[in-house]
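Chemist: Would you mind keeping the following structure in view while I ask a few things?
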Amino acid sequence: MRLRRKYCYNNRVMNLAHRMEQHLPRQLLELIKYISEQAARNEQRVYLVGGIVRDLLLEDPSLRSGPLDSGLRFDIDLTVEGDAVRLAQQVADTGKAKLLAHHRFGTAKLRYENLALDMATARKETYARPGALPAVTPGTLKNDLIRRDFSINAMAISLSSNDYGELVDPYQGKSDLERHLIRVLHPESFSDDATRILRAVRYEQRLGFELETQTARLLKRNTAMLDTISGDRIRHELELVFREEQPELAIRRLAKLGVLQRISPCLKGDGWITERFDRARRLKKPTQLPSLYFCLLIYAFGEGELEQFLGRLNMPAKLSHAMRDTLRLKNTLWLLDTASLKPSEIYHLLHEYAPLATEANAIASASSPAQRHLQLFLTKLRYVKASLNGEELKRLGISPGPEMGEILQRLHRAKLDGEVRTKADEERLALSLSLEL
Ligand code: CTP
């Protein structure tokens, strides 16, 4: 009772059990109920926390499954006052879940087919120095909520049987949701964890909210703290931005706030980005978009600037290669400007570049003949293969060696240019070439 009075908002406790019934999938609700019963047997209290609470209050839990999740996939966070790993083990024993436990951190992940449950022991965090990972000790729910990024993410829903569904909102998150504000919980929030600078803008733009005045001031004052964040973490946050429905909104806002330039002085968020990101979305599946957005983001870079950016973000080799190819291809794009190029010439100019680089250039290029050629390559030419291979040429009496290599190339070119259509056409051409060479 004491706990309940402490957490109530405007002296009125809000119960979200009905909303949970309405918006959460049955399988998840049954699991939650089971977890709640098990926690009661252990004399533990368990809470739904984080984004799901925010999205239930907004009555839009579909926000949980972003554009990358076409199927219904729910990622849910639970906080346990008590031992979360023990509770997770008990739950895993009775179902078809995969369990991944970290005893040291008091956390466990339960993975079901369309569902992932992160269970964490309520904790208290202290930061030894800005940007460092925090020191963690067990704590109360309230300790656990105050260490979070923003008030709208620092609410919980009780899953205990005596107050099932009740909102726990010690830091006025619901009021900030109603006022459309992103607000940090304490002045050191951004310096403790500067990834929150990117997160703040991501939520602000996703939800159409505003940074609360003091939060905006703190964000600007702490922008330099981004230098304390590792490349992997910055990259991860940018990937999260790129999974938003309209990432250009956050990119433009980050540029306006001077945050983007702190990551790399050459980054820009302008009308060009908006237009190109929008075009990218019309051409690609959502899962393929983040890598493509990265290639578009660096399109105006010079080679040296790109190398600095790749180093700063500790970019993985494959994507680095595609981003380098994007600029290499951009610099030779003028070769594709001639309207009368043959398909085999287009193929020759493009086949060595990473497909992502060709896609980025098809979206970014301003010249329409080049764009047309890039599209033709992407949709058709790159898939064209000659029907005959080396084995079949051998059967026609052509011996392996450089000559055969030349014949195979000439067959491929002829196929690309529509000079041969059937296998018989190719056989005739191969035999006549073998006499000629
Ligand atoms: N969190 C935090 N500081 C961070 C990252 C996360 O305080 N730098 C907390 C927030 O309370 C957040 C929760 O951890 O709500 C879970 O983080 P995450 O899964 O990244 O976000 P969601 O809240 O689930 O929101 P969404 O997935 O919709 O972005």
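The values are calculated or read from the model by the stated rules, or taken from the named source; none is laboratory data. Computed from a predicted structure; not experimentally measured. Cβ atoms come from the backbone with ideal geometry, glycine included; neighbour counts cover every protein chain shown.
Chemist: What is the residue count in the stretch 36-61 for residues that are more than 16 Å from the ligand (Cβ to nearest atom), in a helix (DSSP H, G or I) and within 22 Å of PRO138 (Cβ to Cβ)?
Modeler: Going through the stretch 36-61 one residue at a time, the tally reaches 5.
Residues checked against (1) within 24 Å of MET225 (Cα to Cα); (2) within 18 Å of the chain's Cα centre (by Cα); (3) crowded, with 17+ Cβ neighbours inside 10 Å; (4) at pLDDT below 95:
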{"position": "ARG262", "(1), (2), (3), (4)": "yes, no, yes, no"}
{"position": "LEU296", "(1), (2), (3), (4)": "no, yes, yes, no"}
{"position": "GLU305", "(1), (2), (3), (4)": "yes, no, no, no"}
{"position": "GLN308", "(1), (2), (3), (4)": "yes, no, no, no"}
{"position": "MET323", "(1), (2), (3), (4)": "no, yes, yes, no"}
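Chemist: Please find, within the stretch 139-161, the residue that is surrounded by the fewest Cβ atoms within 10 Å (Cβ to Cβ) out of those that are within 23 Å of GLY173 (Cβ to Cβ) and more than 16 Å from the ligand (Cβ to nearest atom).
Modeler: SER160
Chemist: Filter the stretch 193-212 for residues that are more than 22 Å from the chain's Cα centre (by Cα) and either part of a strand (DSSP E or B) or crowded, with 23+ Cβ neighbours inside 10 Å (or both); which is farthest from the ligand (Cβ to nearest atom)?
Modeler: Of everything passing the filter in the stretch 193-212, GLU210 is farthest from the ligand (Cβ to nearest atom).
Chemist: So, ILE398, is that one within 19 Å of LEU327 (Cα to Cα), of a type outside the set (D, E, K, R) and not assigned by TED's automatic domain parsing to the domain that holds GLU275 or not?
Modeler: Judged against the criteria, ILE398 is not a match.
Chemist: Can you tell me which of (1) more than 23 Å from ARG199 (Cα to Cα); (2) at pLDDT 90 or above; (3) surrounded by 14 or more Cβ atoms within 10 Å (Cβ to Cβ) is the one LEU56 doesn't meet?
Modeler: (1)
Chemist: Suppose we filter the stretch 318-350 for residues that are aliphatic (A, V, I, L, M) and more than 18 Å from PHE301 (Cβ to Cβ); how many remain? Quick ask: steps written out before the conclusion?
Modeler: To start, the set of residues in the stretch 318-350 that are aliphatic (A, V, I, L, M) comprises 319, 322-323, 327, 329, 333, 335-336, 339, 341, 346, 349-350.
Checking which are more than 18 Å from PHE301 (Cβ to Cβ) leaves us with 335-336, 339, 341, 346, 349-350.
The total comes to 7.
Chemist: Kindly check whether there is at least one residue in the stretch 171-188 that is more than 27 Å from LEU238 (Cβ to Cβ), assigned to a loop (DSSP other than H, G, I, E, B), under 29 Å from the mean Cα position of the chain (by Cα) and within 13 Å of the ligand (Cβ to nearest atom).
Modeler: yes
Conditions tested, residue by residue: (1) of a type outside the set (D, E, K, R); (2) within 18 Å of LEU267 (Cβ to Cβ).
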{"position": "PRO187", "(1), (2)": "yes, no"}
{"position": "GLU204", "(1), (2)": "no, no"}
{"position": "GLY208", "(1), (2)": "yes, no"}
{"position": "THR213", "(1), (2)": "yes, no"}
{"position": "LEU219", "(1), (2)": "yes, yes"}
{"position": "ASN222", "(1), (2)": "yes, no"}
{"position": "ILE234", "(1), (2)": "yes, yes"}
{"position": "ARG243", "(1), (2)": "no, no"}
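Chemist: Determine whether LEU313 is touching a residue at least 60 places away in the same chain (Cβ under 8 Å), buried (at least 18 other Cβ atoms within 10 Å of the Cβ) and farther than 23 Å from LEU378 by Cβ.
Modeler: When the stated conditions are applied, LEU313 passes them.
Chemist: Could you tell me which residue of the stretch 213-232 is nearest to the ligand (Cβ to nearest atom), considering only residues that are over 24 Å from THR126 (Cβ atoms) and not charged (D, E, K, R)?
Modeler: GLY231
Chemist: Condition first: modelled with pLDDT under 85, surrounded by fewer than 17 Cβ atoms within 10 Å (Cβ to Cβ) and either of a type in the set (A, V, I, L, M, F, W, C) or within 16 Å of the ligand (Cβ to nearest atom) (or both). Can you find one or more residues in the stretch 24-32 that meet it? Walk me through it before giving the result.
Modeler: Step one: filter the stretch 24-32 for residues modelled with pLDDT under 85, giving none.
Within the stretch 24-32 (the criterion being modelled with pLDDT under 85, surrounded by fewer than 17 Cβ atoms within 10 Å (Cβ to Cβ) and either of a type in the set (A, V, I, L, M, F, W, C) or within 16 Å of the ligand (Cβ to nearest atom) (or both)), the answer is no, since none of the residues qualifies.
Chemist: For the stretch 214-221, check the following and say yes or no: at least one residue is surrounded by 20 or more Cβ atoms within 10 Å (Cβ to Cβ) and closer than 21 Å to LEU57 by Cα. Walk me through how you get there before you give the answer.
Modeler: Here is the first cut: in the stretch 214-221, the residues surrounded by 20 or more Cβ atoms within 10 Å (Cβ to Cβ) are 215, 218-219.
In the following step, the residues that additionally are closer than 21 Å to LEU57 by Cα were identified as none.
So far as the stretch 214-221 goes, no, none of its residues is surrounded by 20 or more Cβ atoms within 10 Å (Cβ to Cβ) and closer than 21 Å to LEU57 by Cα.
Chemist: Now, a different point. Would you mind stating whether LEU72 is crowded, with 16+ Cβ neighbours inside 10 Å and either outside any strand (DSSP E or B) or modelled with pLDDT under 90 (or both)?
Modeler: Values: crowded, with 16+ Cβ neighbours inside 10 Å: no; either outside any strand (DSSP E or B) or modelled with pLDDT under 90 (or both): yes.
No.
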